[in-house]
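Everything below concerns the one structure shown next.
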Amino acid sequence: MARRTLLTHLIFGFSGLAGLGYQIVWARQFAVGLGHELPSVFAVIVAFFGGLALGAWGLDGSIGRSRHPERWYAALEFLIAGWALITIALIPSVNAFAPGLIGVEPNPVVHWAWALGLPFITLLPATMAMGATLPALERFVAALRSRGRTVAGLYAANTIGAAAGVLCTAFLLLPSFGVVRSMVVLAALNVLCAIGILLVRPPGGPIAPPRLKPIQDGIGQVRLGLTLFVTGALGIGYEVLGVRVLAQVMQNTVYSFACALAVYLVFTSLGAVVYHQRWRALPFRPLLGSLMIALSATCLLGILVLARGPELHHGFQNLIGGGFGGAILAEMTLAVLVFGAPSFLMGALFSHLVEAAKHERGGVGRALGINTLGGMVGPIVFGIVLLPLAGARHALAALALIYLVFLPERRPNALAPALVPLALLLLLPANLVLVTTAPDGRVIDYREGILGAIAIVEDEQRNRALKVNNQFDMGSTVSVFLERRLAHVPLLLHEDPRTALFLGVGTGITMGAATIHPDLELTGVELVPEIIELMDHFEHANERVHRRAGSRMRAADARRYVRASREQYDVIIADLYHPARDGAGSLYTVEHFRAIRDRLADGGLFCQWLPVYQLDEEMLRVIIRSFLEVYPDGYAVLASYNVETPCLGLIARRSAEPPLREDLFGEEWFDRRVQARELLPLLQQQQQALYEPFALFGTLIADAGGLRAYAGDGPLNTDQFPVVTYGAPRYAYVPHEPPADRLNRLLSVTSSTAASLLEPRHERFVERMRDVHVARDLYLRGEAQRLQGRRDAAIAEYVASAARSRDFKTSYVVALGLLREVAREDEVAAREGLRGLVRARPDRPEAESFLRTLESR
């Protein structure tokens, strides 16, 4: 029997692996349809836990009365596998019509109802079956061993399998196989579990229910049920709050969350194992009280760990070493300090309570259902209500103290240990604001929103920046020049824009720049509501666009908004989404690009900005291929001539026809678009160097053929195969090379193709633009040399750039400025460089004048 029992535990471990694997896949699938807004964030949690609770509670009696629990278990596993395969097609279908049901600006009640109801109903057959597997298998094992208390061992096996499922799905299945094949693999595990349990069952007739020795010092069924519910809420609440605070310390990628969840599950399993081996024979009430007090204390200690999170994480990284594996291990080590002890005790506490709830005709399912129902409520109470109202520190402290409220003993000697967590309250920090600032900087505003911690930081020069979860800079006053160009370049490449949609608003600087364009209606979509509330901090740079008549601000998920809206826009500008951030990868998919195409008016223009400095070359190629899949005539521009943080814009028009002659760019286009509309002085006021056609069209770097040559063949980023979601974070953990190297390789392949975007009738203009593009590339190579400390090589590139084109003015100015610096240290080298610059640009007097000054000394 021991061998059969061991195999049964192994089977249940694989069942747990499949179950958590499904949860991760389903969460990813629903996120692309329902979005990442508040109701959607909790949709799969509620659906998953709600289904588990219904299945565990509803089927508990039937399973408890059955003399063939192994058949129940096998049928449940077959049902899970079958429904999981159905969801491969069902969830995309639900996602297709969900945005329309929810609407663009939904009533909160409507939004919550659809966002929670659709996943709940869609997943219900599978989740109910999952909830009933523990009661079925527990009864089978209890009879097999003729021992009544077997919950803890099975729970431990299932939970350690769940931890393996989290890691396997996040690190292996989804990155390697995509959604469909991952679901097939997980369903196959369920089928194997079903077959396995039928093979493991002993020969003979029905299984007799085991006799149970009643617990002598229990707490009553009502009190027991309430304790199960509350501890379920507290356990998941601690996980939600802990992960939210850790998001300010770790990289906030899909791998970060997988690491935290895996640690939580591993230690929960260990707690159940220790309870099963060491503690289950102890008196019920004293052990329950000890576990509750210890949980209260360890949750409070977790706050102290979180407060030192940045220093601890940095120390672990230095100790463990670099590389992707080292970075992941550092995050897991920090998660162990935060979640290890509390989740260990939670595993033991759950096992203790469920063992007490069991009787000869069942009870395990109902106990599991009550606890799981509490787990469904916990994220809502702590993540939605308490977090924004009180902050993470106070929410966590309240959570820890609630454990003490439900202590089973009221005698003074039993309550004395509770003084320990009460004393720990005195050691807690005032808050958990984990925001990194410049040495002389300060945090001038901070909001703990449900979707992230938002901070406005200011340095000693009074430059301000917007930070989300302390990891992502969403814009700053230092980068005003660049952020404004993100609006102006695509807007000026459309002949007559009347409506513009900005997906991702941040500081509002980019959207605010568009206010100088006449008769332009603006709509901005921003996921995090607190970001919109904090835009006043940037009013001197964003033109108060969020309060401007004719501008609309929407707090919504970009994907859901695009699919739900029926409006069409002349220009759609998608912001520099941080590709490594969890959820951002879905904004670079083929499906999303198609949805945006449907929102473009006839002849409308779409610009997707890409942060080249946050992407490795493989992911950059994947996104370009995905873009060209939808927009085969797309082309590319550079936002500015910056090699430290280069920004690439992928641009396309909505048109089934090849580009017409009047769609091609030239001096006439510039005159119509800029000069005739009197935009030039307004652009100059915003310090935008778009003063002539050579400056505007000098941003062109590739036509569709050039992009296709660079991107090559390979996978696309799709909802079913989210390549970017799992590939981009690897660069965030371990940057491989300077962004300038990737940019220069891109230009070496594509730059020669940009001239095809120009009006060919004006041959002289086209030839001058070719020279501008060559001069620009030389200048960017010089910038790369300068950043690497090769000053002389940089000057040589600048001079060559100045010699190639008089219309590209940047290189001459930069070369002269650098040579002035050189002259302070080495006049001989400066004079040599100046002579080259004078030969390159004899029409400019500044270099010759400075050279004469040096030679006269």
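The values are calculated or read from the model by the stated rules, or taken from the named source; none is laboratory data. Just so it is clear, the model here is predicted, and its values are computed rather than measured. Cβ sites come from the backbone with ideal geometry, for glycine too, and all protein chains shown count toward neighbours. For accessibility, only protein heavy atoms count, side chains too; no ligands or nucleic acids. Shrake-Rupley method; radii C 1.70, N 1.55, O 1.52, S 1.80 Å.
Data for the structure
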read-out: Test result for A418, without any contact (Cβ under 8 Å) to a residue 24 or more places away in the chain and open to solvent by less than 30 Å² (accessible area, probe 1.4 Å); value: no
read-out: Search result, residues across the stretch 298-325 that are within 19 Å of Y255 (Cβ to Cβ) and of a type in the set (S, T, N, Q); value: Q317
read-out: Test: residue in the stretch 12-19 that is under 21 Å from I102 (Cβ atoms) and buried (at least 23 other Cβ atoms within 10 Å of the Cβ); value: no
read-out: Condition check for V571: at pLDDT 95 or above, buried (at least 24 other Cβ atoms within 10 Å of the Cβ) and in contact with a His (Cβ under 6 Å, 6 or more places away or on another chain); value: yes
read-out: Sole residue being buried (at least 17 other Cβ atoms within 10 Å of the Cβ) and within 25 Å of V637 (Cβ to Cβ), chosen from L818, L851, L834, L778; value: L778
read-out: Which listed residue, of A775, A754, is aliphatic (A, V, I, L, M) and closer than 26 Å to F627 by Cβ; value: A754
read-out: Only listed residue being in contact with a helix residue (DSSP H, G or I) (Cβ under 7 Å, 6 or more places away or on another chain), closer than 30 Å to N463 by Cα and not in a strand (DSSP E or B), chosen from L368, L434, L424; value: L434
read-out: Members of the stretch 704-755 found to be hydrophobic (A, V, I, L, M, F, W, C) and in contact with a His (Cβ under 6 Å, 6 or more places away or on another chain), listed by number; value: A754
read-out: Filter result (among the basic types (K, R) and in a loop (DSSP other than H, G, I, E, B)) within the stretch 670-688; value: R677
read-out: Within the stretch 104-126, considering residues that are out of contact with any helix residue (DSSP H, G or I) (no Cβ under 6 Å at 6 or more places or on another chain) and surrounded by fewer than 18 Cβ atoms within 10 Å (Cβ to Cβ), the one modelled with the highest pLDDT; value: I121
read-out: Considering residues of the stretch 713-748 that are over 25 Å from the mean Cα position of the chain (by Cα) and surrounded by fewer than 17 Cβ atoms within 10 Å (Cβ to Cβ) only, the residue farthest from A775 (Cα to Cα); value: D713
read-out: Total residues in the stretch 650-668, condition open to solvent by 10 Å² or more (accessible area, probe 1.4 Å) and modelled with pLDDT of 85 or more; value: 4
read-out: Residue ID - surrounded by the fewest Cβ atoms within 10 Å (Cβ to Cβ), chosen from residues in the stretch 781-815 that are polar (S, T, N, Q), under 13 Å from G698 (Cβ atoms) and under 42 Å from the mean Cα position of the chain (by Cα); value: T810
read-out: Of residues in the stretch 537-557 being under 27 Å from the mean Cα position of the chain (by Cα) and open to solvent by 50 Å² or more (accessible area, probe 1.4 Å), the one farthest from P497 (Cα to Cα); value: A555
read-out: Residues satisfying the stated conditions in the stretch 472-511, i.e. of a type in the set (S, T, N, Q) and under 23 Å from Q461 (Cβ atoms); value: S476, T477, S479, T507, T510
read-out: Residue match in the stretch 593-615 (condition: at pLDDT below 90, open to solvent by 10 Å² or more (accessible area, probe 1.4 Å), out of contact with any strand residue (DSSP E or B) (no Cβ under 6 Å at 6 or more places or on another chain) and not hydrophobic (A, V, I, L, M, F, W, C)); value: no
read-out: Any chance L282 is part of a helix (DSSP H, G or I) and at negative phi; value: no
read-out: Count of the stretch 289-335 residues which are within 22 Å of A170 (Cα to Cα) and either crowded, with 23+ Cβ neighbours inside 10 Å or under 22 Å from the mean Cα position of the chain (by Cα) (or both); value: 15
